[in-house]
Amino acid sequence: MACCVWIALSLLITAHEAAALDPKKKITQYNYETWEKKDGLPHQSVLAILQTHQNENQGYIWLGSYDGLIRFDGAKFIVFNQRNTPEFRNSTVLTLCETPDGTIWIGTNGGGLLALKAGKFRNYQAQENLPSDIITSLAYDLLSNRLWIGTRKGLCKLDLSTQTFTTYTVSNGLPSNSINTVMVDSRGDVWAGTDLGLWHLQNGMVNTYRSQTSVAALPDNYVRAIYEDKNGNIWIGTNVGISRFEQTHWQTYTPKDGLVSESVYSIFQDSGGALWIGTIRGLSRFYDGRFENFTEKDGFEGVRIYAFMEDREGSLWFGTSRAGLNRFRDGTFLTFAKSEGLIDDVIYSIYQDSDGSLWFGSFNGMTHWKDGEICNYTTKNGLPVDIIRAFLRARDGKFWIATFGSGILNYDGKTFKALTEKEGLVNNGTRTICEDKDGALWIGTNVHGLSRYKDGKFTNFKTTIGLTSNSIISLLCDSDNTLWIATDGGGLNAYKNGNFFAYTSRDGLSGDVVFCMYEDQEKVLWVGTSGGLSRLKDGKITAYTSRNGLYGNDVFQILEDDDGYLWMNCNTGIFRVSKIELNEFAEGKRTQINSRAFGVEDGMKTNEGITPATACKTRDGMLWFPTAKGAVQINPRKLPKNLIPPPVHIEEIYVDGERREKSEQLVLEAGSNKLEFHYAGLSLLAPRKVKFRYQLEGFDKTWNEADTRRTAYYTNLPPSTYTFRVIACNNDGIWNEQGDAITLTIKPFFYQTVWFAGLIAMAVLLTGVGIFTLAHRQCDSERKRLGCAGGKTHARFSNGKAASGDCAAGSSVSTRRNGNQTV
């Protein structure tokens, strides 16, 4: 149950294109995603994985399952099995392989071997020289253009140049005819794993390895997996661990060495050099001589891991038993949570101390991270209360902690001393703390107002003496020694020289629930509210909302990087905006601003921000934001960019609701009215961010912006020949300008053809000629008649003029008899 890819080409493509998973990160810091039945996956078990690189299938993920062959484009799953594909004699797909000509080889559990090329399936069965219809493993030999086929009745070699089969059995030195896995190494040697040992074919010579032959050899005869690493070492997975074979030396690793389980099902090395081992109880990563495991306690819900695959963008995919399709993906951001040693996943406050260490506050205690070492504090080891809201290192060196329930704490590195209501604090439920230039501490509480602590005494402030709300969310003392107070419902308050004043929505503030404030170097105050972002400069307020391009209207925290961007956290992710654009908007030089948003696809464990909470910019320029699933670290100067343009495919065409086979020249019957083109852009790193443009040449004059929509519609097209083109860009705006295209012709009805138009023109011409001829004959007849009458009336004209001989005049003569007069 493995996927054997064209190894040489796959490694070359991976190394050239992909940015591998960072092996220095903990496994839990990767973005971990799963696809199961609820997500559209037809079956919960994935037995094989392959990404194709050739021709019309470039970029697709192919899966082997108990319910058939599955194609995945990042958005939807397409299934091929006995129900819809006659060539499938059995729907269980155990192994997959791609050859350089673009053929996908499919090994089934009793239905023989299938080959898929140019959209057509071909079936090979035991009656066609295969030793068995149960195909367990496939491997392609690039050097000799041969496909090696593992079956339950021997090992088979298919020469793709001559289409001839050669079978190897126990008579050729195989330990057993039941083949579990087969692999061709970089030297062209063939390795086969059986239930009775390991078989090695080298330059026509056969070597067999069994556990009984040598103490230092295989630890077990049941070989399920074989893999060659980048150094040419052969790794063997068995029922009692994993062994590395280097020339003549064997080294075996078991759970005693850190391996998660002794039963090994799959092995893979990513382009970053980490070796991944799939077992019956999760997976292990082996890097730099150490094992790290990912199991049920880390969120893995499967049992066996059958196959691995690294895609062209550097993500690691693995197929499991009962947990569907899984993926690890490196993110733009790095998240630290309970799995990385923090006290809790939900972080409310992040603070950098004067010595460079970091403090993290949560509802379950606090974490101190210094020089790579983590120390957690709770009520079990000295904290008076577990709910920690804010930190402050005062200028006199004292360290203060705002808690919910025990007032503020002074921590000297050994003991905690609490200042509470007994000492004069307005309330023990504190939220935020700051220090002014006079050395006074200001403490904001949940619903009881504000306290000032100076020279051992508290002074308290409430709505009765100037505050617009007693619910204080955050505090900021600016460069002018003005105390800014963010309130819940009372807008932005300020305290200076003993006086309070306020800014609310009536004054232009974007909202009256204020979450945070930030003062930049130009002494501009930026205010995050429930209704957007506000800028306060020289007494003038400018409000920014989603209508103006702001990504989120609920701005929980604001930080500024070293390149002039404001970073903000909200309930749907983290985003940044250029401060230049914000200022130009305030000055009336632009009407819109541009936000770049980040979320789960960029390394966050959740998009959900936290408020009331405190973010932090550390002295090395890193930005830290609290979230509902850990503290997010951002290096704003190292935002990786996906430079790989997505392969683009026109997948399906529907004409009046009926699916049509895709071909180079599609001819449609007359009267075809409704056309649908379904297409895909295969950037799997962030498939929901892939954007498209399409154009129907011969009808559209310009490109249509489809955004993320994957279908184009046309109706009532006149008969003609058209070319439909579609292009796509990835999540970082890198376009595949070539895209995909298909030409189609809509036939005309007979009355829409050129010959029919000519016939109509001829008929009109002949009708005109006929009418003219008839009229001419009538004129001749009338002229003759009038000629006789004209001789009699000529003498009666008093003016002596002759009667007109013009036929038209003669035909228009009217006669009125009145006595003897004729006119």
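The values are calculated or read from the model by the stated rules, or taken from the named source; none is laboratory data. Because the structure is predicted, anything quoted here is derived from the model rather than measured. Using ideal geometry, Cβ is built from the backbone for each residue, glycine included, and neighbour counts are taken over all protein chains shown. All accessible areas refer to the heavy atoms of the entire protein, side chains included, with ligands and DNA or RNA removed. Shrake-Rupley method; radii C 1.70, N 1.55, O 1.52, S 1.80 Å.
Between Leu639 and Gln212, the FRET efficiency from the beta-carbon distance, with R0 = 51 Å, is close to 0.35. When each full DSSP H helix of the chain is screened for a Cα extent of at least 30 Å along its own axis and an average Kyte-Doolittle hydropathy of at least -0.5, the helices passing are 754-793. For segment 460-606, the calculated P(r), taken from all Cα-Cα distances in 5 Å bins from zero up to the bin holding the longest distance, is 2, 10, 20, 23, 20, 13, 7, 4, 1, 0 percent.
Taking only protein heavy atoms and a 1.4 Å probe, the accessible area of the chain is 48% carbon and sulfur. Summarising the label geometry, the points placed 7 Å from Cα in the beta-carbon direction at Lys297 and Glu522 lie 5.2 nm from one another. Taking the Cα centroid of segment 245-303 and of segment 112-171, what is the distance between the two, rounded to the nearest whole Å? Between the Cα centre of segment 245-303 and that of segment 112-171, the gap is 30 Å. Solvent-free Debye calculation, one equal scatterer per alpha-carbon of segment 692-775: log10 I(q)/I(0) at 0.24, 0.25 Å⁻¹ equals -1.13, -1.18.
Separation of segment 403-419 and segment 71-97, taken as the distance between their Cα centroids, equals 63 angstrom.
Restricting the count to DSSP beta bridges whose residues both fall in segment 648-751, what percent are antiparallel, rounded to a multiple of 5? Close to 90 percent. Sites listed here are GluC sites (Glu not before Pro) in segment 650-709 whose DSSP assignment is loop and whose Cβ has at most 15 other Cβ atoms within 10 Å: Glu661, Glu664, Glu669. Only one residue of Ala225, Thr238, Gly197 has its Cα farthest out toward the positive end of the dipole of the chain, where Lys and Arg carry +1 and Asp and Glu -1 on Cβ, and that residue is Ala225. Note on the chain: Rg/Rh from Cα positions, Kirkwood definition for Rh, rounded to two decimals, is 1.22.
By DSSP, the beta bridges lying fully in the chain are antiparallel in about 100 percent of cases. So for segment 371-448, considering every pair of alpha-carbon atoms, how many percent are separated by more than 16 Å? When all Cα pairs of segment 371-448 are counted, 50 percent exceed 16 Å. Checking the a/c ratio against 1.5 first, then a/b against b/c, what shape does the Cα gyration tensor give for segment 273-327? Since a/c reaches 1.5 but b/c is at least a/b, the shape of segment 273-327 is classed as oblate.
For segment 587-705, rounded, prolate or oblate, judged on the Cα gyration tensor with a ≥ b ≥ c (square roots of eigenvalues), a/c < 1.5 rounded, else prolate if a/b > b/c? Prolate is the answer for segment 587-705, as a/c is 1.5 or above and a/b outweighs b/c. In segment 27-330, inverting the average of 1/r over every pair of distinct C-alpha atoms gives 19.4 Å as the Kirkwood radius.
Assuming R0 = 30 Å, can you tell me the calculated FRET efficiency for the pair Ser546 and Ala628, based on Cβ-Cβ distance, to the nearest 0.05? Using R0 = 30 Å, I get an efficiency of 0.90. Over segment 297-348, the fraction of Cα-Cα pairs per 10 Å bin, rounded to whole percents and listed from the shortest bin up, is 21, 37, 34, 8. The mean accessible area for residues of segment 648-751, using a 1.4 Å probe and ignoring ligands and nucleic acids, is 50 Å² per residue. Of the trypsin sites (Lys or Arg not before Pro) in segment 444-539, the ones in a loop by DSSP (not H, G, I, E or B) with at most 13 other beta carbons within 10 Å are Lys523.
Over segment 27-330, Cα pairs under 8 Å with separation of 6+ residues give a relative contact order of 14 percent. Return the lysines within reach of Lys454: Cα separation strictly under 17 angstrom, same-chain partners fewer than 8 residues apart disregarded; answer none if there are no such residues. List returned: Lys398, Lys417, Lys422, Lys437, Lys496. For segment 27-330, the solvent-accessible area with a 1.4 angstrom probe is 37 square angstrom per residue.
Within straight-line reach of Lys662, meaning a Cα separation under 20 Å, sit the following lysines at least 8 residues removed in sequence or on another chain: Lys76, Lys117, Lys120, Lys674, Lys747. Close amide H pairs (under 5 Å, H built 1.01 Å from N) link Gly511 with Gly531, residues at least 5 positions away or on another chain. For the pair Gln82 and Asp707, a Förster radius of 45 Å applied to the C-beta separation gives a FRET efficiency near 0.75, rounded to the nearest 0.05. The aspartates and glutamates within cross-link reach of Lys297, meaning a Cα-to-Cα straight distance under 20 Å and a gap of 8 or more places when in the same chain, are Glu33, Glu36, Asp257, Glu262, Glu340, Asp344, Asp345.
Under the criterion of Cα pairs below 8 Å and six or more residues apart, the relative contact order for the chain equals 7 percent.
Distance between the modelled labels on Gln202 and Thr773, one decimal in nanometres: 9.9 nm (7 Å Cα→Cβ projection). Along the Cα-to-Cβ line of Phe749, 7 Å from the Cα, sits a label point; which residues in segment 660-691 have backbone N less than 19 Å from it? Zone members listed by number: 668-675. Separation of segment 553-570 from segment 667-723 is 38 Å, based on Cα centroids. Taking 8 Å as the Cα distance limit and 6 or more residues as the minimum spacing, I'd like the relative contact order of segment 327-473 as a percentage. Relative contact order for segment 327-473 comes out at 12 percent.
Restricting the calculation to Cα atoms, segment 203-247 shows an Rg/Rh of 0.96 when the hydrodynamic-style radius is the Kirkwood one.
Residues in segment 280-316, backbone N under 14 Å from the label point at His249 (7 Å along the Cα-to-beta-carbon vector): list them, ranges by number please. Under 14 Å, as judged by backbone N against the label point of His249, lies no residue of segment 280-316.
Averaging over all projection directions, the Cα-based convex hull of segment 316-373 occupies 6.0 nm² in the image plane. Taking a point 7 Å from the Cα of Thr379 along the Cα-to-Cβ direction, the residues of segment 346-370 with backbone N closer than 12 Å to it are 364-365. Would you please classify the overall shape of segment 648-751 from the alpha carbon gyration tensor, given that a ≥ b ≥ c denote the square roots of the eigenvalues, rounded means a/c under 1.5, and beyond that prolate means a/b larger than b/c while oblate covers the rest? Because a/c hits 1.5 or more and a/b exceeds b/c, segment 648-751 counts as prolate. Ellipticity at 222 nm from helices only: DSSP H runs of n ≥ 4 in the chain, each -39500 (n - 2.57), divided by the residue count, give -2500 deg cm²/dmol. Label positions at Lys24 and Thr618, each projected 7 Å from the Cα along the C-beta direction, are separated by 1.2 nm. Amide hydrogen proximity for Thr252: with H placed 1.01 Å from N in the peptide plane, the residues at 5 or more positions away or on another chain lying under 5 Å are Arg244.
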